[in-house]
Amino acid sequence: MTVSFSALDNPVWSSLSGPHARFAERHGQVLRYQTDVAPFLALPDRPDEAAWRDLAAFAGPGAEVTVTAGEVTPPEGWEIVAEFPAVQLVDAGVEGVEDAEAITLGPADVPEMLDLVERTQPGPFLPRTIELGTYLGIRRGGALVAMAGERLHPPGFTEVSAVCTDPDHRGQGLAARLVLAVVAGIKARGEVPFLHATQTNTGAIRLYESLGFRVHRRPVFVMARVPSLEKVG
């Protein structure tokens with residue numbers, strides 16, 4: 001299968017306009033995930049003023065939105081609240097390995113998954129995020145202690161996400177095992193695994209590089225505050 005790495009330049013847009021279209025809400029040139037699925041929205045690669053007006057109308061005055069377009073320069077009147085330098089890593093020889101202890105998580109596991117995410121803060125995970133792909137977990141003594149799964153889905157690619165381990169069970173290699181198990185499922189479909197990490201999360205980046213990922217891009221995600229509609233026309 002031949003894939004275009006340009007799909008990773010604006011992965012939320014590529015996902016919502018492609019394999020994840022069933023989760024998309026659209027307003028003009030803006031796409032976003034249904035709000036209980038994922039907190040991501042996307043603009044075209046090079047949004048014009050009309051696209052920013054669509055975003056203002058979609059989100060509402062005063063809302064804070066995280067924009068992941070290829071180029072993010074909000075027009076006059078918008079306030080940049082925060083910037084999140086990240087790294088995007090792609091498969092450069094990761095050997096996916098199925099794991100006998102990893103179980104497939106389902107809707108009944110969501111309360112425990114949400115609790116684990118709350119305690120470990122791997123990134124956004126909402127009540128319906130599990131619908132985006134396969135999620136695997138490891139239980140010890142009946143309790144969910146580690147998990148990882150699939151999130152964004154640009155054509156030909158699948159993002160590994162929600163990689164987290166309960167603090168009392170770290171240092172056992174559970175995260176690495178689950179990442180490789182998720183990768184095995186992705187590669188079995190003929191797709192390319194990729195993932196994101198903040199640039200400051202050097203431990204995670206070292207882990208992913210040791211597994212065979214390489215840094216592909218260094219995107220900066222921008223959180224901006226929507227001005228009043230009058231200010232954006």
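Which whole-number percentage describes the relative contact order of the stretch 1-125, with Cα contacts under 8 Å and a sequence gap of 6 or more? This gives 19 percent for the stretch 1-125.
Placing dummy labels 7 Å off each Cα toward the beta-carbon, the span from HIS169 to GLU98 is 2.1 nm. For the stretch 133-233, trypsin sites (Lys or Arg not before Pro) are listed when DSSP marks them as loop and at most 13 other Cβ atoms sit within 10 Å of their Cβ; the list is ARG189, LYS231. Compared with the dominant principal axis of the Cα atoms in the chain, helix 49-59 is inclined by about 60°. Dividing the Cα radius of gyration of the chain by its Kirkwood radius returns 0.98 for Rg/Rh.
Using Cα pairs under 8 angstrom and six or more residues apart, how large is the relative contact order of the chain, in percent?
30 percent
Each value in this text was obtained by applying a stated rule to the coordinates, not by laboratory testing. Remember, predicted model here, so these are calculated numbers, not experimental data. Glycine gets a Cβ as well: all are built from the backbone with ideal geometry, and neighbour counts include every protein chain shown.
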